[in-house]
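Engineer: Have a look at this one before I ask anything.
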Amino acid sequence: AVVSTQSGHYGRDVPYGQTPATFQEIWVTMTADGVFFVNFNFYNGAMSTYQAKNLESILRRVEESSLCKVIVLKGGYNFFSNGINLNTIESSSDPVSESWSNINAINDVVRRIATSSKVTI
């Protein structure tokens, strides 16, 4: 059986095995047996502070779901993730502060993955 996420609950409503009709940076699909696929496709694999916070928030909501048994992380077509977004940092009015925020936001994603109560692949 194919199950899709509920709109607004985990991100975009995308049936399992499909991709969104329009570009989405993050979307979640799930199977009927509780495998949640968290897809994230950031330009060149780099995560801005906003993107990392968004990803961490979605990972938290997925983990909190009673339907979820396994989380599968799926990066973009060419990149899984290569770290901080230097373009966002360089264009910031305060690059030092943005760098620190970006590093901490990515650390929060890593912490969420490493401490998850669900099997995470």
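Engineer: Pick out which of SER92, SER101, SER57 has the largest mean-square fluctuation in a Gaussian network model of the chain, springs linking Cα atoms closer than 10 Å.
Structural biologist: SER92
Engineer: Oh, and also: Taking 0.36 nm per residue of separation and subtracting the Cα-Cα distance, what length does fully extending PHE23 through TRP100 add?
Structural biologist: 24.9 nm
Engineer: Using every pair of alpha-carbon atoms in the stretch 56-121, split the distances into 10 Å bins beginning at 0 and state the percent of pairs per bin, rounded to integers.
Structural biologist: Percent of Cα pairs in each bin: 19, 41, 29, 11, 1.
Engineer: Something else: Would you tell me the accessible area of THR19, worked out with a 1.4 angstrom probe on the heavy atoms of the protein chains, in Å² to the nearest 10?
Structural biologist: 100 Å²
Engineer: Give the relative contact order (percent, whole number) for the chain; include only Cα pairs under 8 Å separated by 6+ residues.
Structural biologist: On the way: 210 pairs, mean separation 29.6, N = 121.
It comes to 24 percent, rounded to a whole number.
Engineer: Taking H placed 1.01 Å from N in the peptide plane, check which residues at least 5 places from ASN41 or on another chain put their amide H under 5 Å from its amide H.
Structural biologist: When sequence neighbours closer than 5 places are left aside, the close amide H contacts are ILE26.
Engineer: What is the magnitude of the charge dipole of the chain about its Cα centre, with +1 placed on the Cβ of each Lys and Arg, -1 on the Cβ of each Asp and Glu, and no other charges, expressed in debye to the nearest 20?
Structural biologist: With only Lys, Arg, Asp and Glu charged at Cβ, the dipole is about 340 debye.
Engineer: Let me ask something else. Among ASN41, VAL72, SER101, whose Cα lies farthest out toward the positive end of the dipole of the chain, if unit charges sit on the beta carbon of Lys, Arg (+1) and Asp, Glu (-1)?
Structural biologist: The one lying farthest along the dipole's positive direction is VAL72.
Engineer: Could you order peptides 73-81, 102-110, 20-28, 48-56 by the average number of other Cβ atoms within 10 Å of their residues, highest first?
Structural biologist: Result, highest mean first: 48-56, 102-110, 20-28, 73-81.
Engineer: Using a 1.4 Å probe on the protein heavy atoms, what percent of the accessible area of the chain belongs to carbon and sulfur?
Structural biologist: Carbon and sulfur: 53 percent of the exposed surface of the chain.
Engineer: Roll a 1.4 Å probe over the protein chains and send me the accessible area per residue for the stretch 39-121 in Å².
Structural biologist: Roughly 60 Å² per residue, with all protein chains present.
Engineer: Take peptides 59-69, 35-45 and line them up by average Cβ neighbours within 10 Å, highest first, as a rough protection proxy. Walk me through the numbers before you get to the answer.
Structural biologist: On the way: 59-69: 16.2, 35-45: 19.3.
Final packing ranking: 35-45, 59-69.
The values are calculated or read from the model by the stated rules, or taken from the named source; none is laboratory data. Here the structure is a predicted model, which is why all the values come from computation and not from measurement. Cβ atoms come from the backbone with ideal geometry, glycine included; neighbour counts cover every protein chain shown. Just the protein is used for accessible areas: all its heavy atoms, side chains included, with ligands, DNA and RNA removed. Shrake-Rupley method; radii C 1.70, N 1.55, O 1.52, S 1.80 Å.
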